[in-house]
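Participant: Okay, here's the structure, questions in a sec.
Values in this text are rule-based calculations from the coordinates and carry no lab data. All of these numbers come straight from a predicted model, not from anything done at the bench. As a convention, Cβ positions derive from the backbone with ideal geometry for all residues, glycine included, and neighbour counts pool all protein chains shown.
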Amino acid sequence: MRRGVAVRWRPFLLGPIFSSQGWNTSPFAIYPAKGRYMWRDVERRAARLGLSFRRPSADDPRTFPQHSVLAARMALCALEEPWGVQFCREVFSAEFVDGRDISNRATLESLAGRFVASPRLVERALSPENKERLRRNVEEAAMRGLFGAPSFTVGDELFWGDDRLEDALDWATANATRCA
């Protein structure tokens, strides 16, 4: 909880969101000038925040965006546990700091193994009920108008991009009774 505002992580998939916009991949890849700018902007922001960052390899177009269905399903289950947010952060770090393939089941099992017996988490993640939960999250993201990640919603207000987190927190604080 930051500034008295509870943050709720809601994994969803960008692929279906992009498809609904008529895109078959990330806008970073579709619009090269925007992609170059965004990657450089991410590098600058990471440096300013003291965070390590490794851009997915430009030599291999399969590296971004990675197929993240299993990672999102596992995140949904992990977020039911006290260590869930840390698991999500580990997945992001695996891709954007270590350059690991988060579409690879063994990579995800290794990350989950830091917190719990990974086969149990994978089994829960692959259940039909959990697959449906992820579908519902994607549908809700689309309904709320999300078009990228990270996105923050406060009531009906949408804030896109990590640089809008402070704006979202300010909005939540100023409009606490209206957004409750």
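Participant: Which longest run of the chain has no exposed loop site in it, a site being trypsin sites (Lys or Arg not before Pro) in a DSSP loop with at most 15 other beta carbons within 10 Å, and the site itself not part of the run?
Facilitator: 55-113
Participant: May I pose another question? Would you please give the residues with an amide H less than 5 Å from that of LEU126, counting only those at least 5 places away or on a separate chain, with H modeled from the backbone geometry?
Facilitator: Residues meeting the criterion, in which the H sits 1.01 Å from N, do not exist here.
Participant: Give the Kirkwood hydrodynamic radius (Å, one decimal) of region 14-175, defined as one over the mean of 1/r across all pairs of different Cα atoms.
Facilitator: Final number for the Kirkwood radius of region 14-175 is 17.1 Å.
Participant: Please list, in chain and number order, the residues 5+ apart from ASN175 or on another chain whose amide H is under 5 Å from its amide H, with Hs placed from the backbone.
Facilitator: none
Participant: What are the ³J(HN,Hα) values, in whole Hz, obtained from phi via the Karplus relation 6.51 cos²θ - 1.76 cosθ + 1.60 with θ = phi - 60°, for each residue of region 41-52 in sequence order, with x given for Gly and Pro?
Facilitator: 4, 4, 4, 5, 5, 4, 4, 4, 8, x, 9, 6
Participant: Let me ask you something else. Could you give me the ³J(HN,Hα) list for region 82-87, computed from phi with Karplus coefficients 6.51, -1.76, 1.60 and θ = phi - 60°, whole Hz, x at Gly and Pro?
Facilitator: Going residue by residue, I get x, 9, x, 5, 5, 4 Hz, with x marking Gly and Pro.
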